[in-house]
Amino acid sequence: MSKAGLVLLDCWVSPFCMRVKIALNEKGLQYEARPEDLFGGKSDLLLNSNPIYKKVPVFLHDGKPLCESSIIVAYIDETWSSPPLLPSCSYARAQARFWADYIDKKVVFDACGNIWRSKGEVPVEAKTEFIEILKQLEGALGDKEYFNGDTFGFVDIVAIPLTCWFFALEKIGGFSVAAECPKFSSWMKRCLQRESVAKVMPDPEKVYEFVLMFRKMQGID
Amino acid sequence: MEGGVVLLDFWPSMFGMRVRIALAEKEIKYEYIEQDLRNKSDLLLQMNPVHKKIPVLVHNGKPICESLVQVQYIDEVWKNQAPLLPADPYKRATARFWADFVDKKMYDSGSRVWKTKGEEQEAAKKEFIGNLKLLEGELGDNLYFGGDGFGYVDVALVPFYCWFYAYEQCGNFSIEAECPKLIAWAKRCMQKESVAKSLADPEKVYGFLLQLKKAYGIE
C-alpha cells in the first residue's frame, strides 16, 4: 500500500495523534503525517474532514476520513488484523473498551488539565485525584506486563501517549509519578522500549516547554 | 450468581434503556434488578467499583460496565441475531463516531435545559437543538441511522426520546417543530417492540424530573 493511501492530520504534542501513529507502527503500515498548525490556522482538509469537532487526529484511508482517536485505533485494528490489538475473547474486549473509555473520559483529561492549567499553586485535590486515577489503572494492570496480558494492545496504546505530559505535570504540580505509582511507572518504561512507541513519543522536556508556552499564551503564567 | 444475564438498572436511565433494547433485539432472557441510586446496593458497588453507576450487565457472574461497551458486547456474543453494528469496518467506525457524539453531547446539553433558567436556558436550548440538527443531518433520508435497518446509533440515541417531553415542558419549546425528521425517526423506532418495551413513559419521566428538580433546589 502506498503511503498516499494513509494520511494522518497530526500535531506532534497531541497524545490522541500519538495513539494513531503507534497503532499504525504496530501494524507495520507506512503513512504520511501532515502537521496541522492548531494556533495559526487549521487546514481546509481538517475542517472539511472533521466538521463536527474540527480537531486532530483525523485519519484518511484512501481519502475517507475517520475521527476520534480510540475509534481510529479500533478501525486500524479491524482493517489490518495483524498483530491484533484487541483480545479475541468478547469479555476481555469489553474490559479493554471499558478501560480505554475510563482513560478517555473527561476525568482523566480534566485531571491533567486541573494540574497544568492551574494558576499559582496546584490545589492538593487536583494532585490527589490524578494519583488516584493512576492507582486505579495500576489496579487494572495488576501483575500483568501490559493491560491485555502478555502482549501490548489497545489499552496500552490509549494510555501511553498521555504519559509524555507527566513530566510537565510533575514539574508544575511538584510531585513524582514514579514515587507515587511505581507499578505504573514500570509499565511506562516497558512501553517506551517498544520501537512503535519510542519513534512517536516526543521528548517530555519539549512537551514541558510547550505547556509553559501555552500557559503564557493563556495568561496562566 | 451464576449463568444467565442480569441487568442492574434504574428505570428512567437512557443508558439502561440502550441495554434493554439490545437485549430485546437479540431476544435474550434476563433478570432486571432495579437499583436505588440514593442508597446503592452492595451488589452494584461490587459489580461497578470504578464508577458505581448503572447500568451494569452481568453475564455468567462477570460484570460489564458502560452502556455502549455493553451494547457492543451483546452484539458480539449474540451475533447470529439482529446485528447492531455493520460488518464493514468504515461503517462501524462511523457508527461508533455518532454513538460517541450522542454520549458526549446529548446528556449534558439536555441536562442544561432543565437545570437552568432565563438566558442560560435559552443558550442551553439552542445548543441542544443544534446537536439534534447535526444528528438529523447524519440521518439524512434514511429510515434509521443504520440505513435500512435499526442499528447501533439508533440504540444509542432513541432512549433520549422518552425524555423529550420533560425537556419541552421545562424549556417551554417544541422539539418536533425544530427537528421534525428526528421525531419521525423516533416514532418509527417506537413501532419496534424492543424499543417500545424498553423506553420509559414520558409522563412518568417528567414526574421523576420534577422530583429531581426539587431535590436539586431548582424551581
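Read the figures in this text as sums done on the coordinates, not as results from a lab. Everything quoted here is computed from the prediction, not taken from an experiment. When we count neighbours, we look across all protein chains shown, and the Cβ atoms used for this are built from the backbone with ideal geometry, even at glycine.
Only one of the numbered conditions (1) more than 10 Å from chain B (Cβ to nearest Cβ); (2) part of a helix (DSSP H, G or I) is not met by residue A:98, and that is (1). Taking the criterion of being assigned to a helix (DSSP H, G or I), within 8 Å of chain A (Cβ to nearest Cβ) and out of contact with any Asp or Glu (no Cβ under 8 Å at 6 or more places or on another chain), the residues of region B:51-92 that qualify are B:70, B:72, B:73, B:76, B:77, B:90.
Note on region A:80-93: residues that are touching a helix residue (DSSP H, G or I) at 6+ places or on another chain (Cβ under 6 Å), under 16 Å from residue B:69 (Cα atoms) and either within 9 Å of chain B (Cβ to nearest Cβ) or among the aliphatic types (A, V, I, L, M) (or both) total 2.
Does region B:181-202 contain any residue that is of a type in the set (A, V, I, L, M, F, W, C) and more than 19 Å from the chain's Cα centre (by Cα)? Checked against the condition, which is being of a type in the set (A, V, I, L, M, F, W, C) and more than 19 Å from the chain's Cα centre (by Cα), region B:181-202 yields no hits at all.
Residue count for region A:66-79 under the criterion of being more than 10 Å from chain B (Cβ to nearest Cβ) and over 18 Å from residue A:97 (Cα atoms): the result is 0.
Residue check: is residue B:37 among the hydrophobic types (A, V, I, L, M, F, W, C), closer than 15 Å to residue B:194 by Cβ and away from every other protein chain (no Cβ under 14 Å)? Full working, then the answer.
On the way: among the hydrophobic types (A, V, I, L, M, F, W, C): yes; closer than 15 Å to residue B:194 by Cβ: no; away from every other protein chain (no Cβ under 14 Å): yes.
In short, no.
I'd like to check something: does region A:105-114 contain any residue that is away from chain B (no Cβ under 14 Å), in contact (Cβ under 8 Å) with a residue 40 or more places away in the chain and not in a helix (DSSP H, G or I)? Within region A:105-114, not a single residue is away from chain B (no Cβ under 14 Å), in contact (Cβ under 8 Å) with a residue 40 or more places away in the chain and not in a helix (DSSP H, G or I).
Could you list all residues from region A:138-156 that are charged (D, E, K, R), within 25 Å of residue A:78 (Cα to Cα) and surrounded by 15 or more Cβ atoms within 10 Å (Cβ to Cβ)?
Scanning region A:138-156 gives A:145, A:156.
This table checks each residue for (1) surrounded by 13 or more Cβ atoms within 10 Å (Cβ to Cβ); (2) more than 20 Å from residue B:87 (Cα to Cα); (3) touching a strand residue (DSSP E or B) at 6+ places or on another chain (Cβ under 9 Å); (4) of a type in the set (Val, Ile, Thr).
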position	(1), (2), (3), (4)
A:22	yes, yes, no, yes
A:27	yes, yes, no, no
A:40	no, yes, no, no
A:44	no, yes, no, no
A:52	yes, yes, yes, yes
A:62	no, no, yes, no
A:65	yes, no, yes, no
A:70	yes, no, no, no
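Looking only at region A:92-146, residues that are within 15 Å of residue A:172 (Cα to Cα) and not aliphatic (A, V, I, L, M) come to 14 in all. If you check residue B:8 against the conditions, is it outside any helix (DSSP H, G or I), touching a Gly at 6+ places or on another chain (Cβ under 7 Å) and in contact (Cβ under 8 Å) with a residue 40 or more places away in the chain? So residue B:8 does not fit the description; no.
Of all residues in region B:104-120, those satisfying the criterion of being surrounded by fewer than 19 Cβ atoms within 10 Å (Cβ to Cβ) and in contact (Cβ under 8 Å) with a residue 24 or more places away in the chain are B:105, B:107, B:115, B:117. Taking (1) more than 24 Å from residue A:96 (Cβ to Cβ); (2) out of contact with any Lys or Arg (no Cβ under 6 Å at 6 or more places or on another chain); (3) not acidic (Asp, Glu) in turn, residue A:198 satisfies each apart from (1).
Residues in region A:45-65 that are more than 11 Å from every other protein chain (Cβ to nearest Cβ) and either touching a Pro at 6+ places or on another chain (Cβ under 6 Å) or in contact (Cβ under 8 Å) with a residue 40 or more places away in the chain (or both): 5 in all. Meeting the requirement of 1 or more residues that are among the polar types (S, T, N, Q), the helices (runs of 4 or more DSSP H) wholly within region A:181-221 are A:182-192, A:195-198. Inside region A:138-162, residues that are within 17 Å of residue A:86 (Cβ to Cβ), of a type outside the set (A, V, I, L, M, F, W, C) and part of a helix (DSSP H, G or I) make up a count of 1. Residue B:26 meets each of the listed conditions (1) touching a residue at least 24 places away in the same chain (Cβ under 8 Å); (2) surrounded by fewer than 17 Cβ atoms within 10 Å (Cβ to Cβ) apart from (2).
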